[in-house]
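In what follows, a structure is listed as structure tokens, so that the remarks can point back to it.
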Amino acid sequence: MHRRMFLMSSAGVAVSALAPASGVQAADEPADFHIAGILAFSGAYGIIGKDMRQGVELAVADRGGKVLGKPIRVSWEDDETKPQPAVQKATRLLAGGAQMMFGAVGSASTLALQGLADQRKIPLLVTISADDKITRTNGSRYTFRTSNTLGMEIRMCVEFAKVKGLKKIYGVTADYQATRDGWDLFVAEAKKAGIEIVGNDYAPLGNRDYSVIVDKMARSDADGIAVIVTGNDAVTFLKQSGQVGLNKTKTQFGPVLQDETLAAAVGPAAVGVYSGVRYHFTVDNPANKKFVEAYRAKYNEWPSSFAGEAYDGISWWLDVVESTGSWDREKWVDAFAKSTRENSLEGKKVMRGCDHQAAQVGLWGIVIEGQAPLPPLTMKITDVFDASKLFDVCS
């Protein structure tokens, strides 16, 4: 069902994505600019893919649907929140002439696509996956991330716990390498701050029953609950913790725990939950105001973090491609590695040449009951962390 819903036409183009990237002549220009969009439309992170697609589609529409004088075509595929389908479907689209990849949602899928990008010398744009290994010093030449790293979000979690005065933390962590690494970092940073870890449980992706974990949390003397899960798993956890009133006795927070999309799925139990926010529609700058107005007009809803980050990243990428005036992918990569996005939806973003990670501010907020015309459950941004406090120096 999802594949029929999200797969777009993949008519052939005039040049193969496997052709040499350099020295492309005008006669070799493709018929269109073909993007392989590999996202999760099902599985644990399926709730995220729709919003990301909408963000990309609006970004394409905003530029008249063209780049380098050619129409932009995006072929969407569902990776089912799994690495193997991600690589299989991306490989098929690259064989059909895609000049770049966009995605994925889960970091495991993105890391698998990164290997393909390096092998085929095809750019990969990441706007949501947060595993720190995706952008590492002297890492992938062809991968760029314009959104948050898990490391910066974990640091925000620790800063929040310190400011909130939390003394004892019980955690629940998705049993997934990126989030396991995130929990390890949280533990190390929390201990430095004198915060005690009283427990942690790992839960499989797609977990349907958190009752045992929630019961242990309720019985513990923890005053804070660190929830390092997201997507449908975050929705399930918060619904079940809300059923027993955990939200009334302990502070629940996490790196990507809530935004308006996820809060709507949780319901009233989301109120009072704290979370890192990768993008928010209330950021006060001209670019964001214009985007929010256009997004609401097109989709009749407020843009989520996932939609905003997707729009912001792909807009930045397409502008840089346009600036090169070339179909040489190596020139795109070189230009993007040195680029700055002055008019990002979140403020200025600078692409770091050492690891291809965008340096940017970090947003933190709490779910509150929204007043019309805001969503019934909305994020109130409470803190903005400067990039200098969230990223190590680029060496």
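The values are calculated or read from the model by the stated rules, or taken from the named source; none is laboratory data. Keep in mind that this is a model prediction, so the values were computed, not measured. Because the Cβ atoms are built from the backbone with ideal geometry, glycine has one as well, and the counts that use them run over all protein chains shown.
May I ask you to say which residue of G313, G276 is part of a strand (DSSP E or B) and touching a strand residue (DSSP E or B) at 6+ places or on another chain (Cβ under 8 Å)?
Going through G313, G276 in turn, just one is part of a strand (DSSP E or B) and touching a strand residue (DSSP E or B) at 6+ places or on another chain (Cβ under 8 Å): G276.
Within segment 45-133, considering only strands (runs of 3 or more DSSP E) that don't extend past its boundaries, which have at least 2 residues that are assigned by TED's automatic domain parsing to the domain that holds F306, touching a residue at least 60 places away in the same chain (Cβ under 8 Å) and more than 30 Å from C394 (Cα to Cα)?
70-78
Looking at K298, K216 in this structure, which one is within 30 Å of K66 (Cβ to Cβ), assigned to a helix (DSSP H, G or I) and not acidic (D, E)?
Values: K216 fails: within 30 Å of K66 (Cβ to Cβ).
It is K298.
Answer with yes or no whether I225 is surrounded by fewer than 20 Cβ atoms within 10 Å (Cβ to Cβ) and either part of a strand (DSSP E or B) or without any contact (Cβ under 8 Å) to a residue 12 or more places away in the chain (or both). Give the steps one after another, and end with the answer.
Working: surrounded by fewer than 20 Cβ atoms within 10 Å (Cβ to Cβ): no; either part of a strand (DSSP E or B) or without any contact (Cβ under 8 Å) to a residue 12 or more places away in the chain (or both): yes.
No.
This table checks each residue for (1) of a type in the set (D, E); (2) over 23 Å from M156 (Cα atoms); (3) touching a His at 6+ places or on another chain (Cβ under 8 Å).
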position: K239; (1), (2), (3): no, yes, no
position: Q243; (1), (2), (3): no, yes, no
position: T249; (1), (2), (3): no, no, no
position: A263; (1), (2), (3): no, no, no
position: E293; (1), (2), (3): yes, yes, no
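One line per residue, one yes/no per condition, for (1) in contact (Cβ under 8 Å) with a residue 40 or more places away in the chain; (2) crowded, with 17+ Cβ neighbours inside 10 Å; (3) within 20 Å of L262 (Cβ to Cβ):
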position: S304; (1), (2), (3): yes, yes, yes
position: Y311; (1), (2), (3): yes, yes, yes
position: S315; (1), (2), (3): yes, yes, no
position: A337; (1), (2), (3): yes, no, no
position: E342; (1), (2), (3): no, no, no
position: V361; (1), (2), (3): no, yes, no
position: G365; (1), (2), (3): yes, yes, yes
position: P376; (1), (2), (3): yes, no, yes
position: V384; (1), (2), (3): no, no, no
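Quick one: is K239 over 21 Å from the mean Cα position of the chain (by Cα), basic (K, R) and within 26 Å of G64 (Cα to Cα)?
Numbers: over 21 Å from the mean Cα position of the chain (by Cα): yes; basic (K, R): yes; within 26 Å of G64 (Cα to Cα): no.
No: the conditions fail for K239.
Could you check segment 109-137 and list, in sequence order, the residues that are surrounded by fewer than 24 Cβ atoms within 10 Å (Cβ to Cβ) and closer than 14 Å to E77 by Cβ?
A112, L116
What's the total number of residues in segment 351-370 that are more than 12 Å from A387 (Cα to Cα), outside any strand (DSSP E or B) and in contact with an Asp or Glu (Cβ under 7 Å, 6 or more places away or on another chain)?
Matching residues across segment 351-370 total 0.
Conditions (1) under 21 Å from D175 (Cα atoms); (2) among the aliphatic types (A, V, I, L, M); (3) buried (at least 24 other Cβ atoms within 10 Å of the Cβ), marked per residue:
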position	(1), (2), (3)
G231	yes, no, yes
G245	no, no, no
L262	yes, yes, yes
A297	no, yes, no
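Residue by residue through segment 77-108, note down the ones that are surrounded by fewer than 21 Cβ atoms within 10 Å (Cβ to Cβ) and among the basic types (K, R).
Correct list: K82, R92.
Can you tell me which residues in segment 144-163 are touching a helix residue (DSSP H, G or I) at 6+ places or on another chain (Cβ under 8 Å), among the basic types (K, R) and assigned to a helix (DSSP H, G or I)?
Result: R155, single match.
From the list V67, V60, V74, V87, pick out the single residue that is over 17 Å from G308 (Cβ atoms) and out of contact with any Gly (no Cβ under 9 Å at 6 or more places or on another chain).
On the way: V60 fails: over 17 Å from G308 (Cβ atoms); V74 fails: out of contact with any Gly (no Cβ under 9 Å at 6 or more places or on another chain); V87 fails: out of contact with any Gly (no Cβ under 9 Å at 6 or more places or on another chain).
Checking each option against the conditions leaves just V67.
Residue by residue through segment 168-209, note down the ones that are polar (S, T, N, Q) and surrounded by 15 or more Cβ atoms within 10 Å (Cβ to Cβ). Before you say what the answer is, go through the steps one by one.
First pass over segment 168-209, keeping only residues polar (S, T, N, Q): 173, 177, 179, 200, 207.
Of everything in segment 168-209, those that are polar (S, T, N, Q) and surrounded by 15 or more Cβ atoms within 10 Å (Cβ to Cβ) turn out to be T173, T179, N200, N207.
Which condition breaks for Q258 when tested against (1) under 13 Å from the mean Cα position of the chain (by Cα); (2) in a helix (DSSP H, G or I)?
Checking Q258 against (1) under 13 Å from the mean Cα position of the chain (by Cα); (2) in a helix (DSSP H, G or I), the one that fails is (2).
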